[in-house]
Amino acid sequence: MILLSPRQFLPAVLLLAFVPIPDLTAADAKDSAAADPAEGHSSHGEVFNEGPRQAAYLMDGLGTTTFDVTSSSDEAKAFVRQGVAQLHGFWYFESERSFRQAAMLDPDCAIAYWGMAMSNRKSEARAKGFIKEAMDRKDKTSRRERLYIEAFHEYSEAKSESTEDKTKRSEKYVSKLDDLVIEFPADLEAKAFLCEFLWSARRDGNKQASYLAVDAMIQDILDREPLHSVHHYRIHLWDTKKSELALESAARCGLAAPSIAHMWHMPGHIYSRLKRYHDAVYQQEASARVDHAHMMKDQVLPDQIHNFAHNNEWCIRNMVHIGRVGDAIDLAQNMIQMPRHPKYNDIDKSGSYKYGRERLMDVLRIFELHAEFVRLCETPYLEKSGDKNEDLKRDRYLAAALVATGQLDKAMEIRLQLQTNLDTKKAERTAAGDKAAQTAQKEKKNDKDVEKARKAAEATLLGDVKGHEKAIDEIDGRIAANSGKIDEALALFKKSTGVPVEEQVAIMIKAGKVDDAIKKIADHVQTNKNETRPLAAQVETLWAANKKPEAKKAFEELRNQSSEIDLRTPAFSRLTPIAKELGWEENWTTSRQFPADIGARPPLDALGPLRWQPVAAAEWSLADVQNQQRSLTEFRGKPVVAVFYLGAGCLHCAQQLQKFAPKAEAFKAAGFEIVAISTDAQPVLGDAYKDLKEGFPFPLVSDAELNVFKSYRCYDDFEKQPLHGTFVIDADGLIRWQDISYEPFMDPDFVLKEAKRLLQQDQS
């Protein structure tokens with residue numbers, strides 16, 4: 001897993017450690033007896049390779065959870081209760097860790113394995129592996145716990161290939177939970193899990209029979225425990241149905257479990273639906289801060305955490321709505337600064353990197369920060385990503401920014417390249433259609449079906465063609481507007497779609513289309529209620545149209561939403577002269593009156609930092625092949641890649657070193673040193689390359705006592721064995737990227753590219 005310092009990567013998320021199990025059955029022993037599993041792999045089988053492999057600890061701020069547990073260990077019972085609380089907050093990575101800790105303390109604690117299965121409900125293979133372990137131990141537990149275990153076992157084993165299968169499976173599971181609640185009416189957690197499943201099972205095709213019935217069950221729990229985490233489930237229940245019915249829970253959800261970031265995030269759904277964007281931002285910023293604090297304390301990387309990237313990008317969108325431009329840009333850049341990983345957070349994944357770039361481009365465009373957009377396109381923040389759709393969006397926005405900053409020649413270069421791409425894509429579309437038609441003709445299809453085949457083939461490339469056409473239309477429109485051809489510009493903008501309404505309206509005013517401009521911006525304000533950017537544009541439009549009373553009224557509405565507006569932004573700073581003429585201060589923003597229904601809110605700074613930051617790498621001093629002491633300190637001032645490998649006898653480790661060795665010069669040319677840290681004792685370090693004519697191109701050092709492995713979290717606390725790890729440590733000794741896993745990271749080219757990106761953006 002990846003419990004390493006910030007920049008560790010999610011491949012670690014695939015590492016699940018296990019616990020000593022003295023009483024394995026013969027079948028179990030056979031199943032798990034990869035008697036000699038590969039280095040870093042679990043001795044209990046593949047399912048245990050993944051997930052957290054570092055120890056859990058008891059946390060504060062998880063809410064009140066009552067969950068009786070059969071166990072010889074009071075500490076194990078506490079970790080089970082903690083795991084249940086984390087399940088209620090969808091904190092699955094940490095809930096699995098808590099249940100694993102419980103199983104380590106008491107290998108016979110059946111419900112701990114049920115908890116591991118529940119933490120992996122969306123990973124059917126892993127869930128099945130865990131619930132099997134629970135079933136093997138169910139006779140050692142209480143009837144109540146057996147009902148939990150058997151219910152989920154039947155659910156995980158049921159067919160799920162079709163929608164009908166999933167529906168039947170879900171209905172059976174609901175019935176089992178019903179039976180549990182009926183027999184044990186004092187078990188609030190069982191009722192809470194039933195409420196959660198009745199909502200979430202809609203994804204499997206189950207119909208929500210009655211929202212009010214589920215809400216009544218939720219209220220029954222809250223009548224007995226007012227700050228139960230079931231507030232979270234009420235928010236999900238009413239989120240898209242009738243958001244206002246979850247307002248009370250929105251006010252209490254974060255307070256119910258303040259250490260779980262998702263419990264702060266979900267109220268943001270309700271406030272966003274109700275267009276209460278200031279309240280939404282508080283919740284989502286609270287969520288981001290709690291996540292950042294946890295990641296930096298426990299050395300967990302961003303995209304290991306459920307909903308992290310989604311929360312932060314939504315927070316940025318809501319910051320845009322309230323005019324908090326500087327912080328929106330800062331948070332978007334922070335998302336881009338986070339380490340990428342080919343499996344979890346790259347441009348083709350909906351993770352921090354992709355979301356950060358999307359939001360950064362949007363914020364700069366919406367607020368007309370054209371010069372900054374141009375500048376950032378020359379940096380790792382907005383360099384071309386390699387994703388065709390995103391790069392098209394980037395080129396379109398960049399060309400617009402270049403026109404706005406008077407760099408018409410550079411804008412034309414992009415326009416001509418897009419035209420070349422468009423011509424190519426049109427030719428490809430025609431060729432695809434012709435080929436499909438020819439195939440259909442050979443198959444003796446009638447004319448109608450031949451044409452149908454042609455259109456179907458052409459449709460696969462239609463999106464690319466239309467995307468390029470719209471981009472070119474916008475660029476041409478902006479060039480036309482820049483040349484004073486206003487009517488032509490407006491016609492092209494209409495064709496292109498996607499040009500910010502605020503900019504369109506400004507051009508309409510220039511064209512003398514005053515009435516049309518007033519109507520268009522009024523419609524835009526109505527559609528985007530309580531958003532500051534449309535309101536600011538409406539003030540400008542009405543003022544330019546000499547409708548000063550109407551402009552004042554719009555301005556007063558803007559001031560009602562203005563408590564966090566960034567007045568440095570052109571869209572807002574342009575209003576300062578208007579404010580003065582209306583008799584207001586240069587700082588025309590007003591303080592916000594907080595609604596009475598938001599409940600108690602802790603100061604945001606008390607929850608954690610707004611920005612995620614990498615943590616310091618642990619210092620070390622170890623002997624190399626020549627028995628000379630080497631240390632991290634000697635690399636201070638220059639970045640270093642540290643590879644943790646499991647000795648010369650590890651085949652996969654040898655393969656990893658052999659992949660990195662030929663790249664040593666490329667790393668050095670980029671300013672990076674490489675050092676490999678081994679579990680081998682110092683006298684046998686050289687065995688790793690004893691058959692080579694030349695020595696290894698980077699130092700090998702011995703950590704036979706595993707102290708450094710442990711300090712870098714390349715260690716399975718449950719099975720007491722080292723794990724593979726690869727780290728990028730910058731010149732200041734901060735861990736900028738990492739991978740900890742049951743298998744070594746085998747792509748040195750990715751490591752080098754990512755390391756260069758991370759360090760180069762520091763200079764941007």
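Nothing in this text is a laboratory measurement; each read-out follows from the coordinates by a stated rule. On a predicted model such as this, the values are computed, not experimentally measured, just so you know. Cβ: placed from backbone, ideal geometry, glycine included. Neighbour counts: every protein chain shown.
Below are the figures for this structure:
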{"quantity": "Student exercise, segment 185-226 dipole from Lys, Arg, Asp, Glu Cβ charges, in Debye to nearest 20", "calculated": "260 debye"}
{"quantity": "Sequence-distant residues sharing a close amide H with Y715 (under 5 Å, placed H)", "calculated": "L723"}
{"quantity": "Two-site FRET efficiency, A456 against D165, from Cβ-Cβ distance with R₀ of 25 Å, rounded to 0.05", "calculated": "0.25"}
{"quantity": "Cα centre as origin, Lys/Arg/Asp/Glu Cβ charges: the chain dipole, Debye", "calculated": "2380 debye"}
{"quantity": "Global geometry of segment 10-242, whether rounded, prolate or oblate, following the gyration tensor of its Cα atoms and the 1.5 cut on a/c", "calculated": "prolate"}
{"quantity": "5 angstrom amide H check on R736, placed H, neighbours 5+ away", "calculated": "V728, I729, D730"}
{"quantity": "At R0 = 30 Å, FRET efficiency that the Cβ-Cβ distance of D487 and N546 yields, to 0.05", "calculated": "0.85"}
{"quantity": "Using θ = phi - 60° and Karplus 6.51 cos²θ - 1.76 cosθ + 1.60, couplings along segment 342-353 (whole Hz; Gly, Pro as x)", "calculated": "x, 9, 10, 9, 10, 5, 8, 10, 7, x, 4, 5"}
{"quantity": "In Å, descending, principal axis extents of the Cα set of segment 43-136", "calculated": "33, 27, 22"}
{"quantity": "Protection proxy ranking of 366-377, 738-749, 574-585 - average other beta-carbon atoms within 10 Å, highest first", "calculated": "738-749, 366-377, 574-585"}
{"quantity": "Exceeding the 19 Å Cα-Cα cut-off - candidates K242/K275; K510/K552; K354/K668; K470/K494; K485/K510; K275/K393", "calculated": "K510/K552; K354/K668; K275/K393"}
{"quantity": "Reachable lysines from K663, criterion Cα separation under 21 angstrom, eight or more residues apart if same chain", "calculated": "K638, K690, K693, K753, K756"}
{"quantity": "Using θ = phi - 60° and Karplus 6.51 cos²θ - 1.76 cosθ + 1.60, couplings along segment 431-446 (whole Hz; Gly, Pro as x)", "calculated": "5, 5, x, 4, 5, 5, 5, 4, 4, 5, 5, 5, 8, 6, 6, 6"}
{"quantity": "Among beta bridges that DSSP assigns inside the chain, antiparallel share in %, nearest 5", "calculated": "65 percent"}
{"quantity": "Residue-count net charge about E451 - beta-carbon cut-off 11 Å; Lys, Arg +1, Asp, Glu -1", "calculated": "+2"}
{"quantity": "Cysteines without a disulfide-compatible partner [the chain; Cβ-Cβ under 4.7 Å]", "calculated": "C109, C195, C253, C315, C377, C714"}
{"quantity": "Cα-based radius of gyration of segment 674-764 once divided by 2.2 N^0.38 Å, which approximates compact folds", "calculated": "1.22"}
{"quantity": "Calculated FRET value between D762 and N389, using beta carbons and R₀ = 25 Å, to 0.05", "calculated": "0.35"}
{"quantity": "Charge context of W238, other residues only, Cβ under 12 angstrom, K/R +1, D/E -1", "calculated": "0"}
{"quantity": "Packing-based order for 38-44, 222-228, 62-68, 720-726, using average beta carbon neighbours within 10 Å, highest first", "calculated": "720-726, 38-44, 62-68, 222-228"}
{"quantity": "Residues of segment 376-403 with amide N under 12 Å of a point placed 7 Å along Cα→Cβ from D409", "calculated": "none"}
{"quantity": "4 °C / 1.567 mPa s Stokes-Einstein diffusion coefficient of the chain, Kirkwood radius on C-alpha pairs, µm²/s", "calculated": "44 µm²/s"}
{"quantity": "Segment 165-306, Rg to Rh (Cα coordinates; Rh as Kirkwood inverse mean 1/r)", "calculated": "1.00"}
